[in-house]
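Notes follow the structure.
Every number in this text was worked out from the coordinates using simple rules, so none of it is lab data. Remember, predicted model here, so these are calculated numbers, not experimental data. Using ideal geometry, Cβ is built from the backbone for each residue, glycine included, and neighbour counts are taken over all protein chains shown.
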Ligand code: CAA
Ligand code: FAD
């Protein structure tokens, strides 16, 4: 965390966020669109391929650096933060970790630095927290599989060029028989069915995808046939660090605004920052932000060093997302009535915060993962 290399990366992304991202956040929230010009700049600066080795078109950074990037960008705009997180953790990471050399050479350069956006299609209308029961079926047609089903709530789903799709190659009622596929979204039958109108992260598109007999060559099977659930769950382990970082970025933005405001707002003849009631709120916010950052850095450190990190990633996501909800709520309280209006950014931070307790596994699911790990072998 205090490694000079990380300080340098944080400074660099922080400057980019302050000049290129934060000034656009209110408009992105209002219009529901991240400007293509900003997405181009994310690619140009290496933020879309930070974790990917240089030989595959990426910036060759580690996961800790990637988490810092997601945190800092999310401090400016939570929608832009999750664009990067879903693209990196959920689409490129499984290709890098489970893909063949040919698959890495074919798909990673475009994703890391060529402007191609990635998405991850696991959830379905009837399979959210329990993805083992997903119903999308991949029928073996000899040279290729034909995928049919509906995927729900897919981040980047409207704009993605490449999708990781989880489908059953054997009909079962549980996770056995799930296979992971790399799907080119231009393939006939890959259709955006509807876009969700959401509470927050309004610049991030959330699509329902209809897979209508989508032909996927067997060369695009990711990992082994029937082993897709492990691909999905290990992908989510890393993804949860990304969402924890997004939550931390949102919390930091709300905290900084509330702190500054409290020094400027005068009531009862003095700035409200001189009231102990306000100071205690700021103290709690500051402490929860520090704890979130340490949990994220710890999980990233374990991942970067090839150590088990499933429990620690769930802990980071659970704590950082719930802390983000508390911090953004208290930030509005510090601003009083102004905090409740769209003239001030804290109401956006509050709306953006909530999703971090839901996607990539709800808080309840994180507790299940943490408890299962704690009780293992006891
Ligand atoms: N890594 C690899 N394999 C794992 C694993 C992990 N972290 N955790 C479990 N497994 C394996 C188990 O070893 C087991 O393997 P075997 O069949 O060989 O024994 C298999 O997976 C099944 O394990 P469980 O019985 O524990 O699985 P389960 O069906 O009870 O589910 C769960 C466990 C933790 C609840 C899991 O279903 C889960 O994480 N649910 C939440 C889903 C989720 O997070 N969805 C996010 C969608 S993406 C998204 O949201 C993106 C975004 O917003 C941007
Ligand atoms: P449900 O599973 O129906 O859960 C409802 C409630 O029951 C929750 O409170 C849950 O915690 C609780 N619950 C369920 N099971 C248990 C249990 N065993 N014990 C205790 N409580 C339980 N998915 C993707 O695949 N790719 C994406 O890119 C993606 N992006 C998303 C973006 C957005 C904006 C949203 C809203 C969702 C996204 N998702 C994505 C889906 C997301 O991962 C799911 O919404 C989430 O996993 C919860 O599933 P669910 O909505 O079906 O809720």
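Points worth noting:
- The chain - mean residue ellipticity at 222 nm from DSSP helices (-39,500 (n - 2.57) per run, n ≥ 4, rounded to 500): -16000 deg cm²/dmol
- The mean sequence distance of close C-alpha pairs (under 8 Å, at least 6 residues apart), as a share of the length of segment 1-93, puts its relative contact order at 31 percent.
- Cβ crowding within 10 Å, taken as a proxy for footprinting-reagent exposure, orders 197, 130 from fewest neighbours to most as 197, 130.
- Gyration tensor (alpha-carbon) shape descriptor, segment 89-141, a/c threshold 1.5: prolate
- Pairwise alpha-carbon distances in segment 309-378 exceed 20 Å for 41% of all pairs.
- Where both bridge residues fall in the chain, DSSP classifies roughly 85% of the beta bridges as antiparallel.
- Rounded Å value of the spacing that divides the Cα centres of segment 92-154 and segment 275-291: 42
- Mean Cα-pair separation over length for the chain, i.e. relative contact order, pairs under 8 Å, 6 or more apart, %: 16
- Max mean-square fluctuation residue, GNM over the chain, Cα-Cα springs under 10 Å, options 303, 354, 15: 15
- Inter-part distance where segment 1-45 and segment 292-364 are each reduced to a Cα centre, Å: 18
- Scattering curve values for the chain, log₁₀ I(q)/I(0), Debye with Cα scatterers, q = 0.09, 0.13, 0.15 Å⁻¹: -0.50, -1.01, -1.32
- Exposure proxy ranking for 93, 210, based on other Cβ atoms within 10 angstrom of each Cβ and starting from the fewest, stands as 210, 93.
- Highest-fluctuation residue, 104, 176, 141 considered, GNM on the chain with Cα pairs under 10 Å: 141
- Each peptide in 178-185, 58-65, 240-247 gets a packing score, the mean of other Cβ atoms within 10 Å over its residues, and the list from highest to lowest is 240-247, 178-185, 58-65.
- Over segment 251-378, relative contact order from alpha-carbon pairs under 8 Å, at least 6 apart, %: 28
- The GNM of the chain, with springs linking C-alpha atoms under 10 angstrom apart, assigns the highest mean-square fluctuation among 268, 319, 190 to 268.
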